[in-house]
1. Among the candidates Ala86, Ala110, which residue alone is in contact with a His (Cβ under 9 Å, 6 or more places away or on another chain), within 16 Å of the ligand (Cβ to nearest atom) and either more than 25 Å from Gln61 (Cα to Cα) or not in a strand (DSSP E or B) (or both)?
2. How many residues are touching a residue at least 40 places away in the same chain (Cβ under 8 Å) and closer than 21 Å to Glu28 by Cβ if we restrict to region 85-129?
3. Among the candidates Ala65, Ala30, Ala37, Ala57, which residue alone is surrounded by fewer than 10 Cβ atoms within 10 Å (Cβ to Cβ) and assigned to a helix (DSSP H, G or I)?
4. For region 40-54: of the residues being part of a helix (DSSP H, G or I) and touching a residue at least 60 places away in the same chain (Cβ under 8 Å), which is farthest from the ligand (Cβ to nearest atom)?
5. Hey, does region 298-308 have a residue that's modelled with pLDDT under 95, more than 29 Å from Lys112 (Cα to Cα) and not in a helix (DSSP H, G or I)?
6. Would you mind finding the one in Ala344, Ala338, Ala325 that is under 24 Å from the mean Cα position of the chain (by Cα) and either among the small types (Gly, Ala, Ser) or in a strand (DSSP E or B) (or both)?
Amino acid sequence: MTETLPSLDDVRQSIDRLDGEIQTLISERARCAQQVAHIKLRESPETTVFYRPEREAQVLQKVMARNAGPLHPETMARLFREIMSACLALEHTLNIAFLGPNGTFTQTAAVKHFGHGVNTSPLATIDEVFREVAAGSADYGVVPVENSTEGMVSHTLDSFLNSNLRIIGEVELRIHHHLLVGEGTKTESISRIYSHQQSLAQCRQWLDANFPRAERVAVSSNAEAARRVNGEWHSAAIAGETAAEIYGLKQLHQRIEDNPNNTTRFLIIGREAVSASGTDKTSIIITAKNQPGALFTILEPFHRRGINLTRIESRPSKHDIWTYAFFIDFEGHQDDAAVQEVMAELEPRMREVKWLGSYPKAVL
Ligand SMILES: O=C(O)C(=O)C[C@]1(C(=O)O)C=C[C@@H](O)C=C1
């Protein structure tokens with residue numbers, strides 16, 4: 001086998017030549033994006049929308065479908081994610097508000113969705129993320145909405161009840177928690193563990209088995225937990241890799257989550273509607289009276305038209321006692337005939353039907 005291999009120099013020459021070709025093509029692609037920006041500006045000078053989630057989803061789906069290896073389709077799509085992010089930054093640099101501080105999983109989700117070509121601003125609360133996007137100070141916002149182990153982030157759902165913002169995208173992130181400590185902290189000296197309440201819950205069994213006597217202190221975010229540990233030699237934090245890097249902490253134990261498939265879903269919120277990508281989801285809120293058959297009346301038209309529901313959650317409505325808001329996600333786009341028929345049927349029978357938006361299903 002060995003004698004048929006080319007020399008290292010020869011292969012490196014091939015790599016140099018290919019890199020040159022790839023670079024020329026990326027530059028050509030970037031010039032196309034600049035042209036697209038001029039076209040968009042000419043078509044709607046007052047309300048130019050540079051970021052097009054439906055087109056990005058299609059581009060990434062095509063990359064994955066075309067992929068012939070040896071790289072994994074997702075690895076290839078992540079490379080194109082960054083190329084597109086850099087191209088979009090030539091058109092316009094997006095400002096993305098996320099639930100901070102720096103180092104939260106929400107920031108990781110924002111970068112996974114938009115790539116590194118955007119500015120990200122950490123905000124202290126979910127309410128602030130909604131406010132900044134509504135006011136136009138941020139182009140888009142990223143907030144957590146559900147975790148596979150712990151369920152819904154009710155604050156995010158409640159924020160939609162009082163907002164006119166739309167959902168324009170979703171991101172799923174595999175969540176890995178690590179036990180982080182400052183330099184010099186030993187396992188036996190840990191008497192307090194900080195984390196967000198959801199993360200403490202996601203690592204409950206591991207904590208019971210390994211640190212049954214340590215005090216568990218819930219703080220506003222995992223990143224805040226990491227920040228507090230800095231300088232407290234008897235404390236540890238449960239947080240992710242990014243928080244460990246930002247706050248200079250050591251990973252004493254890795255992947256301590258009880259469920260190895262622990263995933264969190266995040267929503268991207270914005271002000272404009274998104275066109276159909278061909279593989280979309282729609283989210284709505286239906287407010288109904290708590291009377292027999294209410295839920296059946298809502299679900300039956302979806303079933304009759306073969307529309308697949310992907311999630312349903314109920315929350316007490318903020319306005320009337322014994323009235324419930326159902327948060328429903330289903331496959332399809334607001335412009336699809338079948339979706340419009342279901343809505344036309346439900347609107348007169350419900351107290352309120354609110355569209356939260358149609359958006360491409362998460363590709364990566
Ligand atoms: O097709 C467009 O509308 C573009 O602006 C180009 C492009 C790309 O690089 O492919 C960049 C940003 C958009 O969000 C979508 C796609």
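1. The unique qualifying residue is Ala86.
2. 6
3. Matching residue, one of Ala65, Ala30, Ala37, Ala57: Ala65.
4. So the residue we want is Glu54.
5. No: zero hits.
6. It is Ala325.
The values are calculated or read from the model by the stated rules, or taken from the named source; none is laboratory data. Note that the coordinates shown come from a computational prediction; the quantities given were computed from them, not determined experimentally. Positions of Cβ are backbone-derived with ideal geometry, glycine not excepted, and every protein chain shown enters the neighbour counts.
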